[in-house]
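Remarks on the structure that follows.
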Amino acid sequence: MKQVTLSKKLFCRRCGKKLRNGISKYCLSCKKEIEREKRLKLQEKKANSPSVLKKACDILFSQVIRLRDGKCLKCGKTYNLQTAHLINRNNLLYRWDERNAITLCYADHILWAHRNPLEFQFWLNDNYPEKYQFWLTHRHTVNTEPLSYIDIKFKLERRLEELKNQR
């Protein structure tokens, strides 16, 4: 029976170090470095993905609105605060627009505003007519332009710093 020998590479393609066996193209340290570089590239790619950037923008926006208002605008509580959007968050054109959000406590946001939207609208009109007018004017506007989440994130970071410096 005839034996077939594989042509063996005796040196690492990356660093030139002599290999122990001719099966691999790279030495062990170069393999580890290549894997580390792949992981870093993947992490960087994920960090700039639209879903990750949207989440980061949402977190920053919530911090901006809660810092801007400082309390629940309905009952005055200063704990369990949430950002309530007037125009649905699915409308990306206004999702991170400060005119489209107010601060409410959990109870007033979830248990009142979401469950009694008409009552919420009347309350908004009576107490914050400029916000109500914004809602009436823009609630049917839809964005047709692509958004730059990186730019939005940058603007929100700047706005958060402004608000922190005002305090």
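The values are calculated or read from the model by the stated rules, or taken from the named source; none is laboratory data. All values reported here derive from a predicted model rather than from experimental measurement. A quick note on method: Cβ atoms are made from the backbone with ideal geometry, for glycine too, and the neighbour counts reach across all protein chains shown.
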(request) Collect the residues in the stretch 133-152 that are assigned to a helix (DSSP H, G or I) and either without any contact (Cβ under 8 Å) to a residue 24 or more places away in the chain or closer than 16 Å to LEU53 by Cβ (or both), keeping them in residue-number order. (result) GLN133, LEU136, THR137, TYR149, ILE150, ASP151, ILE152
(request) Select from the stretch 34-60 the residues that are among the small types (Gly, Ala, Ser) and part of a helix (DSSP H, G or I) and list them in ascending order. (result) ALA47, SER51, ALA56
(request) Kindly list the number of the only condition in (1) surrounded by fewer than 16 Cβ atoms within 10 Å (Cβ to Cβ); (2) touching a residue at least 60 places away in the same chain (Cβ under 8 Å) that fails for ASN125. (result) (2)
(request) Give the stretch 118-135 a look and list any residue that's more than 27 Å from the chain's Cα centre (by Cα) and of a type outside the set (Phe, Trp, Tyr), or say none. (result) LEU118, GLU119, GLN121, LEU124, ASN125, ASP126, ASN127, PRO129, GLU130, GLN133
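For (1) exposed (fewer than 12 other Cβ atoms within 10 Å of the Cβ); (2) touching a Pro at 6+ places or on another chain (Cβ under 9 Å); (3) outside any loop (DSSP other than H, G, I, E, B); (4) not charged (D, E, K, R), each residue gets a yes or a no:
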| site | (1), (2), (3), (4) |
| --- | --- |
| SER29 | no, no, yes, yes |
| LYS32 | yes, no, yes, no |
| SER62 | no, no, yes, yes |
| ARG68 | no, no, yes, no |
| CYS72 | no, no, no, yes |
| ILE110 | no, no, yes, yes |
(message) Against the condition among the charged types (D, E, K, R), modelled with pLDDT under 95 and within 20 Å of GLY76 (Cβ to Cβ), how does ARG139 come out, does it pass?
(response) no
(request) Please go through the stretch 74-108 and pick out each residue that is hydroxyl-bearing (Ser, Thr, Tyr) and surrounded by 15 or more Cβ atoms within 10 Å (Cβ to Cβ). (result) THR83, TYR94, THR103
